[in-house]
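Below is one structure, written out as structure tokens, with a few remarks after it.
What follows draws every value from the coordinates through simple rules; no lab data is involved. Every value quoted in this text rests on a predicted model; they were computed, and no experiment measured them. A quick note on method: Cβ atoms are made from the backbone with ideal geometry, for glycine too, and the neighbour counts reach across all protein chains shown.
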Amino acid sequence: MLRHKCYDAVQSLRVWFNSGTKRKVENCLKNGTRRAPSGTMTAFVLSVLFLLPLAMADITPGCKIRFTSRGLEMLKYETQRFVEEELSNITMPEMKGKDGRFQYTINNVKITQMNLTHVDLRFQPDLGLFFEVENSSITLNFHRRILYWFFYDVGTINASAEGVNIHTALNLIRDEVGRLKISNITCDAYITKMKAKFSGTLGRVYDFVATFLTTGMRFLLNQQICPSLDHAGLVSINALLETIPVRSEVDSYIGIDYSLLKDPVVTDSSLDMDFRGMFYELQNENDTLPNDGATPIMTEYDKMVYLALSEYFFDSGLDAYFKAGMFKTEISNGRMSKDLEMLLRTTYFGTLMMLNPALMEAPLALELEVTASPRCTIKSTGASVVVNAIVNVLVLPPGQPPVQLSSMTMENKFNAKVSMKGKRLTVNMDLRRFKIFSNKSALESLALIPLQGPLKTMLQISVVPLINNYTKRGVQIPLADGMDFIEEVVNYYNGYIVIGANLHFTKGLREIIESKVAERDNSV
């Protein structure tokens, strides 16, 4: 537990050492070790900054995501379109030259057509992604002004670059805030040959200088391809990755931490990412549940993407809501059935008469409050949630404080069905086991047996629908904008679940990136 508290205390040290963080670190030292002299604080901070990546890697992930080669195959088409758009926007400076009597000026260079025929996108083990274009072509159009002896000519040149080859490696890492990021791009591009066809009055006359002009044009185009792709990756694609939530609010009560714990693990067939996968209360973000659960294991590669969630992922959400005071409610008036109200009056008739006969006509209410953080259990047969609560039976005399008639303990077990909608994770609860007993005596517990059935029905009708209406809103998983899960299959294992799915692009990469850039510019 100390390890997790220390991690929370030093998490913000990367933005340096403000007074709030200093207090957290000092408390961590005070509670976990002997109090360090003030003179050693700087050394401690430097040590923390050095050891933080190791501490993050030592944390058990609550959430894992695997992208497979099948998913990459679908991404290849979107990547090809994006690269074509980036290369089509290449601009080249005006070219001027002179060779003896021959003088030329070339400007307004425009790429009119991209024909990337042989494209491959694959995993590069221990690095990231490798994008490759082989034996493709680019068609260009540009204006010319040529002076040869006493002849002056203007016109357009249609050129084609053939044998276009591009090899680009993208290094994927975890950045300082726990976000997936492209840290470096290695690019190699070359064009085998270039042809030009002149038009205009003296088009045929100048065919002999085509080689002279296209050599320079090929050199310039070679120099422009890699810088364009570098910008596309380091700026545009990183803007897309910024749409993946890292630490964000779920609602007005809790938030979710999807920070990467380490760099992605890349093999020939997959890219695996470990996320913290932890919920927290917004009013007390550092009071979190330690992760002592099982590590999710993914063994399949048939689907495009796999999402694995441990018991801790759900437990931390339940714990955060419990600490936020969400698990308490009162059932009275229209929310209580007449049959249940009549049964309560019959059960507590003697108590009401002993307290005050005038209370016989006063409204009754049930006050439910969960006494401890609920716990989730995941087995191969499914998932369940155990909830223990106190039920107080109250009488509500008009104009007076409520009067407690009885207090009982309620034990509940819900079946939990996990599903995906787009990129939001939802849970549907179903009450399966219900038990009440008295906090005072076994004899009073026997008297409560007639209440078992009606109270269970009341929970199923009044409380469970409220829970499901809330949980069906779902929580977003760490997936970029414009991508959704489809054709999901949920498998349950001991201690975790694995959701296999295919991907559907609701937007193109260009549209997502431009939307993100516009949003960022508007916020400045």
Exercise. Given H placed on each backbone N at 1.01 Å, which residues far from L405 in sequence or on other chains put an amide H within less than 5 Å of it?
Worked result: V393, L394, V395
For this session: Show which lysines lie in cross-link reach of K181 when reach means a straight Cα distance below 28 angstrom and same-chain residues fewer than eight apart are skipped.
Result: K5, K64, K76, K262, K303, K421, K423, K507, K516
Exercise. What are the residues whose amide H is under 5 Å from the amide H of S337, where those residues sit 5 or more places off or on another chain and H is modelled from the backbone?
Worked result: none
Exercise. How about K96: which lysines have a C-alpha closer than 25 Å to its C-alpha, ignoring those fewer than 8 places off in the same chain?
Worked result: K110, K193, K195, K197
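Taking the mean number of other Cβ atoms within 10 Å as a proxy for protection, how do you rank 456-464, 237-245 from highest to lowest? Write out the running numbers ahead of the final one.
Numbers: 456-464: 16.8, 237-245: 18.9.
Listed from highest to lowest mean packing, they are 237-245, 456-464.
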Problem set entry | For the range 368-384, Karplus couplings with θ = phi - 60° (6.51, -1.76, 1.60), whole Hz, Gly/Pro x | 10, 9, 5, 9, 8, 4, x, 10, 9, 10, 10, 10, 5, 8, x, 10, 9
Seminar exercise, completed: Taking the dipole of the range 107-200 about the Cα centre (Lys, Arg +1; Asp, Glu -1; charges at Cβ), the one of M194, G128, N158 that reaches farthest to the positive side is N158
Seminar exercise, completed: When the charge dipole of the range 262-374 is computed with +1 at the Cβ of Lys and Arg and -1 at the Cβ of Asp and Glu, the Cα pointing farthest to the positive end, of Y306, T351, P264, is that of T351
Exercise. Label T457 and I297 with points 7 Å out from Cα along Cα→Cβ: what is the distance between them in nm?
Worked result: 4.7
Problem set entry | Eligible lysines near K435 by straight Cα distance, threshold 25 Å, same-chain separation 8 or greater | K323, K328, K338, K379, K413, K417, K456
Exercise. Which of rounded, prolate, oblate describes the range 135-192, given a ≥ b ≥ c as roots of the alpha-carbon gyration tensor eigenvalues and a/c under 1.5 marking rounded, otherwise prolate only if a/b is larger than b/c?
Worked result: prolate
Problem set entry | Calculated from backbone phi, Karplus (6.51, -1.76, 1.60) coupling profile of the range 326-341 in Hz, x at Gly/Pro | 7, 9, 8, 7, 10, 10, 8, 6, x, 7, 9, 5, 4, 4, 5, 4
